[in-house]
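Asks: The structure is given below, and queries will be raised subsequently.
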Amino acid sequence: MKTDPSDTSTLTHFDAQGRAHMVDVAEKPATRRTAVAAGRIEMQPATLEQIRAGTSRKGDVLGIARIAGIMAAKRTSDLIPLCHPLALTHVAIELTASAPERGETPAVECQATVETVGPTGVEMEALTAVQVALLTIYDMCKAVDRGMTIQSVRLIEKKGGKSGHYRREGASGHAE
C-alpha cells in the first residue's frame, strides 16, 4: 500500500507497515523547485578577524566553505539515506561575516539557495549545503577556536511542487 505524498499528516518515508522506503516520485510532474536555508557559526572576535583578513594558515576560509557547501548540495543523496539524487540547476552559497565593531556577535552567516527542475524538492540539499559550509569553517579554524558554535540552521523558503510555497514567518531576503 502506497502512502499519498500529498497527505502532509503522514510521514511519507514509511510504508503502510511502518518500514522505511524511498518515496516513489515517478508520477509527480517535473516543476521548478527552489529552497533557501540559512544558519550561522559564532566564534571569538579574533577568529572572525582572521577570517575577514584572510590570514588563516589554511587559506581562504570563506572561499573554501563556499565550495564545500556547493559540493555538499550535489552529494546530499549520498549522505541522507532516503533522498533522491537530483540534477541541480543552481547552487549559491552566501557567507557574510558579522561586524563586532558595530556590536554584532562575531559570526559568519551562511545562506544557501538551491534549484532544480524535477519531481521532488531541494530542501534537504539547501540544509545540507549550509551545514557543510559551516562545518568547513569550523574545521579550518578549530586550531584557534574550538568553542565555535553552529546554530540556527533552518529552512527559510521553498517554492514549487504540489505543496506550494513556504516562507518561514519573519524571514527577510537574507539570513534572518
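The values are calculated or read from the model by the stated rules, or taken from the named source; none is laboratory data. Nothing here was measured: the structure is a model prediction, and the numbers come from that model. A quick note on method: Cβ atoms are made from the backbone with ideal geometry, for glycine too, and the neighbour counts reach across all protein chains shown.
Asks: So the check is Cβ under 6 Å with 6+ separation or different chains; which pairs have a first residue in region 126-137 that's free of Cβ contacts under 8 Å to residues at least 60 places away in the same chain and a second one that's of a type outside the set (S, T, N, Q)?
Replies: Thr128/Ala72
Asks: Can you name the residue in region 82-112 that is β-branched (Val, Ile, Thr) and touching a helix residue (DSSP H, G or I) at 6+ places or on another chain (Cβ under 7 Å) and is also farthest from Glu27 (Cα to Cα) among such residues?
Replies: Looking at the filtered set, the residue picked out is Val108.
Asks: Looking at region 17-48, which of the residues that are under 21 Å from Thr76 (Cα atoms) and basic (Lys, Arg) is modelled with the highest pLDDT?
Replies: Arg40
Asks: Give me the pairs, please: first residue somewhere in region 158-176 and at positive phi, second residue anywhere and surrounded by 10 or more Cβ atoms within 10 Å (Cβ to Cβ) and at pLDDT 80 or above, beta-carbon distance under 7 Å, and either six or more positions apart or on two chains.
Replies: The qualifying pairs are Gly160/Thr31; Gly160/Arg32; Gly160/Arg33; Gly160/Thr34; Gly160/Gly121; Gly161/Thr31; Gly161/Arg33; Gly161/Gly121.
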